[in-house]
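Participant: Supplied in structure tokens, the structure appears directly below.
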Amino acid sequence: MQGILTNKWFCLALLACFTALCAADTIVLKDGKSVTGDILADKEEKLYVDMGITVLIIPKERVLKYEYAYPADEAEELTEILAEEAEVSTGHLYRTADLKETTMEKAVERFSEAVVKVTSPAGTGSGFFINDDGHLITNYHVIEKETKIEITMFIKTDDGFEKKEFKKVKIEAFNPFVDLALLKVEDLGEIKPNYVYLGDVSELQVGQKVFAIGNPLGLERTVTNGVISTTNRAFEGLIYLQTNADINPGNSGGPLFNMAGEVIGVTNMGYIFYGGLGFAIPINYVKNFIDNRESFAFDKNNPNTGYRYLQPDPRRNFSDPNFLSEKKED
């Protein structure tokens, strides 16, 4: 890592003179040197600066001050740099990244390819890739009691989107209690699917803008938007995110995004005849499910893997309890 930083600082010195002629953000270092470039992200301990042909990571401990050339209200999100850091920081199947809030249009453009259609003999739902190895998340009820599953990807082309169907889909794990399933597409070939980043439910606020992408009623790649109505709606022993974004049959298993493009929940139910009542599984449930997937691993010889209710021992003494006998005597 030290060698990488050294090389970056060497590049910084060479590139500064070329970028100085262009209107850009200015970073003044404590050693008196200055750097000009586009500040992509302003993190707690680091600045990410676009130098045109590379991105420099500058520790803030070396920065004296920095100024923006223009208001940074619609700066581009980091992609490869953040993805690399996320992979190092999590070490799991999924990725996390502190993405910068942007417009819904840009977030949809960036992450819509990660959303897929999940089809089984029982019906159609949605899902989303969590890495480029083919792992994806959907609802358990979308694949319940089914093993013949197909995934449809929507890949961007010059003319719009091209549909690609994959029939070799493995069930990795599922947890019926939280209505989650982990699948893996095994016949991707050379295709590296776009994937999402998982957000942090602790940062959600009531009234925060969100949007969902899915395939409601078979209408592929439908985008609906709304706000977080409440962050802790209790239902049958679990906590759900409630949103007024329209959630319909076919949305099940799809992602609920914040305005940075991070997935904050998995849509799983809504009231068909009452608009504005949609619910999503909070992303912390999803992370916990993925991290502990071995506990919920699918076994084709035991398709009910996930939970089992044990019956209590039968009653051995059929006489009235003492307190009931005493009450009859009174």
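None of the figures in this text is laboratory data; all of them are computed from the coordinates on show. Treat the numbers as computed from the prediction; the structure is a model and nothing was measured. With ideal geometry, Cβ positions are generated from the backbone for all residues, glycine too; neighbour counts draw on all protein chains shown.
Participant: Say each of K168 and Q311 gets a label point 7 Å from the Cα, pointing the same way as Cα to Cβ; how far apart are those two points in nm?
Facilitator: 4.4 nm
Participant: Continuing with the same structure: Can you compute the modelled spin-label distance between V223 and L64, with each label point 7 Å from Cα toward Cβ, in nm?
Facilitator: Distance between the two pseudo-spin positions: 4.4 nm.
Participant: Under a Cβ-Cβ cut-off of 11 Å, what is the net charge of the residues other than N215 that fall near it, where Lys and Arg count +1 and Asp and Glu count -1?
Facilitator: Values: positive: K117, R221; negative: E220.
Result for the neighbourhood of N215: +1.
Participant: Could you work out the local net charge near G226, counting Lys and Arg as +1, Asp and Glu as -1, over the other residues with Cβ closer than 9 Å to its Cβ?
Facilitator: Local charge sum for G226: 0.
Participant: I need the calculated FRET efficiency for the pair I155 and E101, taking r as the beta carbon distance and R₀ as 25 Å, to the nearest 0.05.
Facilitator: Values: r = 27 Å, r/R0 = 1.07.
In this case the efficiency is close to 0.40.
Participant: Using 1/(1 + (r/R0)^6) with R0 = 22 angstrom and r between the beta carbons of E236 and K145, what's the FRET efficiency to the nearest 0.05? Walk me through the numbers on the way to the answer.
Facilitator: Numbers: r = 20 Å, r/R0 = 0.92.
The value I calculate is 0.65.
Participant: Related question: List every residue whose amide H lies under 5 Å from the amide H of S34, counting only residues 5 or more places away in sequence or on a different chain, with H placed 1.01 Å from N in the peptide plane.
Facilitator: Residues meeting the amide H criterion: L29.
Participant: Now for a different question. Between the stretch 153-177 and the stretch 101-150, what's the alpha-carbon centroid distance in Å?
Facilitator: So the two Cα centres are separated by 6 Å.
Participant: What does the extension gain come out to for N288 and Q205, with contour length at 0.36 nm per residue minus their alpha carbon separation? Please report the intermediate quantities before stating the final value.
Facilitator: Working: separation 83, 0.36 × 83 = 29.88 nm, distance 2.13 nm.
Result: 27.8 nm gained on full extension.
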